[in-house]
1. Any residue in the stretch 40-55 that is over 15 Å from the mean Cα position of the chain (by Cα) and among the charged types (D, E, K, R)?
2. Given the stretch 1-93, what helices (runs of 4 or more DSSP H) lie entirely inside it while holding 3 or more residues that are without any contact (Cβ under 8 Å) to a residue 12 or more places away in the chain, touching a strand residue (DSSP E or B) at 6+ places or on another chain (Cβ under 9 Å) and surrounded by 12 or more Cβ atoms within 10 Å (Cβ to Cβ)?
3. Let me spell it out: the conditions are (1) aromatic (Phe, Trp, Tyr); (2) at pLDDT 95 or above; (3) more than 30 Å from residue 24 (Cα to Cα), and residue 103 meets all of them except one. Which number is the exception?
4. Filter the stretch 57-95 for residues that are of a type in the set (S, T, N, Q) and under 30 Å from residue 24 (Cα atoms) and give the result.
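The values are calculated or read from the model by the stated rules, or taken from the named source; none is laboratory data. Keep in mind that what you see is a predicted model, and the values were worked out from it rather than measured. As a convention, Cβ positions derive from the backbone with ideal geometry for all residues, glycine included, and neighbour counts pool all protein chains shown.
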Amino acid sequence: MEKGICTIETWEDFKREIKRQFYPEDVAYLARKNMRRLKHTDSIRDYVKEFSLLMLEIPNITEEELLFNFMDNLQGWAEQELRRRGVQDLATAMAVAESLTDYKRGDSSKVESLEDSHAMGGGDEVPMDHNAPKKGSGKTSNV
């Protein structure tokens, strides 16, 4: 098939030509650079989303390299938990990491509600029998 400048004889030639014309040369380079800079600083869900977008822009990257980059850029506690669970592939690492987000979110909401009641002067509610003798006083109630 000939037309103008380009001669395409095989499927591989066609794919290469399409990529050359429509895929900017530096997209993969910039994606690799951004992946190296990407750090898990906020939520794991945001980190997984950004990592996924970047990995789709890098055509010739191995699963092993992706897993290394994903794990290496996690916060220490998250990386340690994934290693403890023995994740061996990227899909599992991403799924486990996102489950950590849900677990952490559940814990923090409980902590926040306790902190809110303490901040408002509420403290922990403990039922108290005002007629009971005080510990260590040796006195009994006169009821």
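1. No, because not a single residue in the stretch 40-55 is over 15 Å from the mean Cα position of the chain (by Cα) and among the charged types (D, E, K, R).
2. Where helices (runs of 4 or more DSSP H) fall fully within the stretch 1-93, none carries at least 3 residues being without any contact (Cβ under 8 Å) to a residue 12 or more places away in the chain, touching a strand residue (DSSP E or B) at 6+ places or on another chain (Cβ under 9 Å) and surrounded by 12 or more Cβ atoms within 10 Å (Cβ to Cβ).
3. Going through (1) aromatic (Phe, Trp, Tyr); (2) at pLDDT 95 or above; (3) more than 30 Å from residue 24 (Cα to Cα) one by one, residue 103 breaks only (2).
4. 60, 62, 69, 73, listed by residue number.
One line per residue, one yes/no per condition, for (1) at pLDDT 90 or above; (2) within 26 Å of residue 96 (Cβ to Cβ):
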position: 10; (1), (2): yes, no
position: 16; (1), (2): no, no
position: 25; (1), (2): no, no
position: 40; (1), (2): yes, yes
position: 49; (1), (2): yes, yes
position: 53; (1), (2): yes, yes
position: 64; (1), (2): yes, yes
position: 70; (1), (2): yes, yes
position: 79; (1), (2): yes, yes
